Amino acid sequence: MKTLKIINQNESCCPTTKEIKVQESINNPNKNLPIVIMGAGPIGLAAAAHLVEHKQAFILLEAGHEVAHNIRTWGHVTLFSPWRYNINKAAKALLDTSYWEEPNLDTLPTGHELIDLYLKPLSNLMQIKPHIQLNSKVVGISRQLNDKMKTKNRVEQSFIIYIEQENDIRVIEARAIIDATGTWGNPNPANSTGIWLQNEKALANHIQYGIPDINMNTKRYANKKIAVIGGGHSAINTLLALAELQEENLATKLVWIMRKKSVEEAYGGEEKDALAARGALGVRIHELVDTGKVEVITPFYISKVKKDENIHIVGIINGEQKVLTGFDELIVNAGNRPDLSINSELRLSIDSATESVHALAPLIDPNVHSCGTVRAHGEEILRQPEKNFYIVGAKSYGRAPTFLMATGYEQVRSITAYLSDDEEASKRVELELPETGVCGINLANKPIHVVKNLTVSES
């Protein structure tokens, strides 16, 4: 790297102020460009709050028409963690200077409440609102004058971000990028091998991915035969909501299809579960199965779905092929996966199994860790071969369902400190969680429509 050195004749031993400024300009030609955050959900907005704290220029891009647009699609669902773990410290510091009223920190917010009581007030602050660009979908990122193959001067080149906006393509430059676009809206298929087949795509009008708002879709599901596919907490939440519909629509038939060796594996510890909320879900679904309100088919490995008059599900159970027939609707709760297509021209290190940030994979393996046992991590773990590009939030976890907002807040606190030249702060660990994590919540006085963690798009 070339540097221009100007030496004062009277101060040959030391660089002058002028020399330092010239060197800084050449060594960091992009220093006057903004940091771009992609995804205006809780993690993206937290990153913005920290950049305000560090007095750094930024742009916050959101594909939807409002902040946290994707969370709005599951706004009826209650989070698994209480407010005290869902509010970022830097965001709170900004909000406390306004007329914001802090919610009860011990209660569980719904997705709608998370947006309306926290994220929207945060986004409307004068320090943040002017820097948000809505209806701005990122379709690609590269380096100025370089594609993925080019190495020469790569680090010195700015990032180029291509944005779809109002039927046009706009291009902006950035000195660093924080990708907080999440995984919501990019679901795994019903197919047990993870492959999307045309047969399943053709059934789009009869398949819902995620946790639908049953109360808003009673005509769609009432008195129908419905298959809920998946063995996790999202599937249980879906079944509990459908069971309420079933009480008033007795012809509604519920079939729970999963790959676990036995349904008992899905119940967890129930009353003995160290995580109270998880135990409460197990107790409720256990009752529904025992009373015959929910039929269970497991271990069933789906190979394809198809439709004639009704929907048929083809798969393998106990080594034999079987066709499950007569379904009207399918609800698939098989998790989500990151969309890395917009990052395809960047040099990334992604784990081959979890599709998470590579160095993060051993810490979040869902076969070993729950949402409460993933230790805090920051900039160093999330650092990519593509300098100053970071994947954060649910997307940093790839397909692993162990992400918590509190962990994402620590990620962006560390990264924004590093990008603001505060390396010491970036290396500190400031995340504090109880020993059992934030999953252990008493739901005695709360409806049990709970998600284990925030494994959705941050936007």
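The values are calculated or read from the model by the stated rules, or taken from the named source; none is laboratory data. Given the structure is predicted, the values throughout are model-derived calculations rather than measurements. In this analysis, Cβ positions are derived from the backbone assuming ideal geometry, glycine residues included, and neighbour counts consider all displayed protein chains. The protein model used for the area step is the full one, side chains on, heavy atoms only, and it has no ligands, DNA or RNA in it. Shrake-Rupley method; radii C 1.70, N 1.55, O 1.52, S 1.80 Å.
Calculate what fraction, in whole %, of the accessible area of the range 137-232 sits on carbon and sulfur atoms when a 1.4 Å probe is rolled over the protein chains.
On the way: 2420 of 4910 Å².
Looking at the range 137-232 in its full context, I get 49 percent from C and S.
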**OP:** Kindly provide the GluC sites (Glu not before Pro) of the range 301-360 that DSSP labels as loop, not H, G, I, E or B, and whose Cβ sees at most 13 other Cβ atoms within 10 Å.
**Re:** Glu309
Original post:
the range 78-148 to the range 400-420: how many Å between their Cα centroids?
Top reply: 13
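I'd like to check one number: the per residue accessible area of the range 292-357, probe 1.4 Å, reported in Å² as a whole number.
On the way: 3070 Å² over 66 residues.
Per residue, the range 292-357 has an accessible area of 46 Å².
Take the residue pairs Lys92/Lys427; Lys201/Lys293; Lys225/Lys293; Lys201/Lys395; Lys92/Lys120; Lys150/Lys395 and return only those whose Cα atoms are more than 18 Å apart.
Values: Lys92/Lys427 22 Å; Lys201/Lys293 29 Å; Lys225/Lys293 12 Å; Lys201/Lys395 24 Å; Lys92/Lys120 13 Å; Lys150/Lys395 26 Å.
Violating the 18 Å Cα-Cα cut-off are Lys92/Lys427; Lys201/Lys293; Lys201/Lys395; Lys150/Lys395.
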**OP:** With a probe of 1.4 Å, find how much accessible area the range 130-173 has per residue, and write the answer as a whole number in Å².
**Re:** 64
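For the range 59-151, which chymotrypsin sites (Phe, Trp or Tyr not before Pro) are in a loop by DSSP, counting at most 11 other Cβ atoms within 10 Å? Write out the running numbers ahead of the final one.
Values: sites: Trp74, Phe80, Trp83, Tyr85, Tyr99, Trp100, Tyr118; in loops: Trp74, Phe80, Tyr99, Trp100.
In loop regions of the range 59-151 (DSSP not H, G, I, E or B), the sparsely surrounded chymotrypsin sites (Phe, Trp or Tyr not before Pro) are Tyr99.
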**OP:** Please turn the phi angles of the range 31-43 into ³J(HN,Hα) values with the Karplus equation 6.51 cos²θ - 1.76 cosθ + 1.60 (θ = phi - 60°), one per residue in order, whole Hz, x for glycine and proline.
**Re:** 4, 8, 7, x, 8, 9, 9, 10, x, 9, x, x, 6
